[in-house]
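The values are calculated or read from the model by the stated rules, or taken from the named source; none is laboratory data. Here the structure is a predicted model, which is why all the values come from computation and not from measurement. Neighbour counts run over all protein chains shown; Cβ positions are idealised from the backbone, glycine included. For the accessible areas, the whole protein counts, side chains as well, though only heavy atoms, and no ligand, DNA or RNA atoms are used. Shrake-Rupley method; radii C 1.70, N 1.55, O 1.52, S 1.80 Å.
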Amino acid sequence: MTRSTYSSSHQAPDILLSPLSTKPRYRAYITARHAFWKCFPSGRYMRIPTGGTLTLECGLHALRLSIQHQLPHILPVPTVEELRSVYESSETIRIGNELTGMGNENWFTVDQLGVVFTEWGRQAVKERRVRCQLGYVAEGEWPVLLGTPEVGVGEEEGESNEEKGEIVRVWVWNDGLSLAGGVGHFEGMRRPIEEELRR
């Protein structure tokens, strides 16, 4: 895992919007595309270098940075300690670790980060019902939303109602290794400013 600094904006690849399939998987691609383009117009984004490389907790740092930059008026910004506490106390992650044989305390997979964000959101925003859903993008890959027990991968934000609760999404960047089961690197994401887009 290496710490990286990038001064140029990146762009997620687009997908065809005309329906090519009626399968739920295609709907999930379209939903993720719409959600990503809503957060990052034209699919352009900036990666935010993360700390935590020595402790292998870049995933928690990436999640924190992304919340800070993407949802500043919606959610409180958690500390890394708060996110770590959610990970350590999560029954869902404990069961998942037992099923997969993982016993990691750091170098998180994208699925584990997704559970941390979902469970942290449930605990952090008590004054209203919020369903937190993590999305990720890897270089050259389509954006992907992770399913949660409360939010399906193909569920549009407009489908939420007061009974179900508002869908709140945040995106992180991954180098692709964590998605393949390896020890990969996560970074936060933010919108580029005009000067960065011109450059």
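Annotations for the structure displayed:
- Shape descriptor for segment 22-198: Rg over Rh equals 0.94 (Cα atoms; Rh from the Kirkwood inverse mean 1/r).
- Segment 22-198 - percent of accessible surface contributed by carbon and sulfur, probe 1.4 Å: 52
- Summed side-chain charge close to Arg84 - residues other than Arg84 whose Cβ falls under 11 Å, Lys, Arg +1, Asp, Glu -1: -4
- Highest mean packing first, where packing is the average number of other Cβ atoms within 10 Å per residue, the peptides 76-86, 115-125 line up as 115-125, 76-86.
- Total formal charge among the other residues, if their Cβ is under 9 angstrom from that of Leu65, Lys/Arg +1 and Asp/Glu -1: +1
- Ordering 56-69, 142-155 by mean Cβ neighbour count within 10 Å, with the highest value first, yields 56-69, 142-155.
- The figure for Thr55 is an accessible area of roughly 70 square angstrom, using a 1.4 Å probe on the protein chains alone.
- Antiparallel bridges, percent of DSSP beta bridges restricted to segment 22-198 (to nearest 5): 45
- For Asp111, solvent-accessible area (1.4 Å; no DNA, RNA or ligand), Å²: 100
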